[in-house]
1. Any idea how many residues of the stretch 83-124 are aromatic (F, W, Y), in contact with a strand residue (DSSP E or B) (Cβ under 6 Å, 6 or more places away or on another chain) and farther than 20 Å from D37 by Cβ?
2. Determine whether L14 is touching a Leu at 6+ places or on another chain (Cβ under 8 Å), of a type outside the set (S, T, N, Q) and either surrounded by fewer than 18 Cβ atoms within 10 Å (Cβ to Cβ) or part of a helix (DSSP H, G or I) (or both).
3. Select, from Q47, Q42, the only residue that is assigned to a helix (DSSP H, G or I) and either closer than 19 Å to R11 by Cβ or basic (K, R) (or both).
4. State which residue is nearest to A39 (Cα to Cα) when the search covers only the stretch 72-82 and only residues that are surrounded by fewer than 20 Cβ atoms within 10 Å (Cβ to Cβ) and touching a residue at least 40 places away in the same chain (Cβ under 8 Å).
5. How many residues are touching a residue at least 12 places away in the same chain (Cβ under 8 Å) and either crowded, with 19+ Cβ neighbours inside 10 Å or among the aliphatic types (A, V, I, L, M) (or both) when one looks only at the stretch 17-60?
6. Within the stretch 15-56, take every residue that is farther than 25 Å from A119 by Cβ and hydrophobic (A, V, I, L, M, F, W, C) and give me the one that is modelled with the highest pLDDT.
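The values are calculated or read from the model by the stated rules, or taken from the named source; none is laboratory data. Computed from a predicted structure; not experimentally measured. Reconstructed Cβ throughout: ideal geometry from the backbone, glycine too, with neighbour counts over all protein chains shown.
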Amino acid sequence: MTSVQFYHNARDPLALACELIGNAHRGGRRVVVVSPDAALAQQLDRQLWTAEPGSFIPHVLSGSPLTPETPVFIAVAGETQWPHTDLLFNLAAALPVACERFRMLIEIIGNSENERAPARARWIHYKQQQFPLKAFDAERRITL
């Protein structure tokens, strides 16, 4: 069953995503990131190149011929084909497609009400599906 972790109050959701993706990669995890749109996917692509000086997080954007062998795949919300099903990061407001196929789902939520309201709806959905849920305060780095 998919376990779900919510990281609330992220001051900079993309920076937190880069940090957690880097940790996952170093731990040998394969990652899919769902972005709300192509512009944010491009921004995440750029940030992954510069997030950790001296390190390399191999990643590709959707449509790359290197997708099958690359451990971090960046998609846009609504896509349905995933190269692997280990760890899913959802940066979009919508429920990610076929999230139940993943071992773990990470939701990163910023400080604005525009991000919080859809996150509450996703939390309720996951709870109704009986997914194991954990919540963290991203700013204070504590479990809620």
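1. Here the count works out to 1.
2. Criteria met by L14.
3. Q47
4. V76
5. Counting residues in the stretch 17-60 that are touching a residue at least 12 places away in the same chain (Cβ under 8 Å) and either crowded, with 19+ Cβ neighbours inside 10 Å or among the aliphatic types (A, V, I, L, M) (or both) gives 20.
6. Among those residues, the one meeting the criterion is W49.
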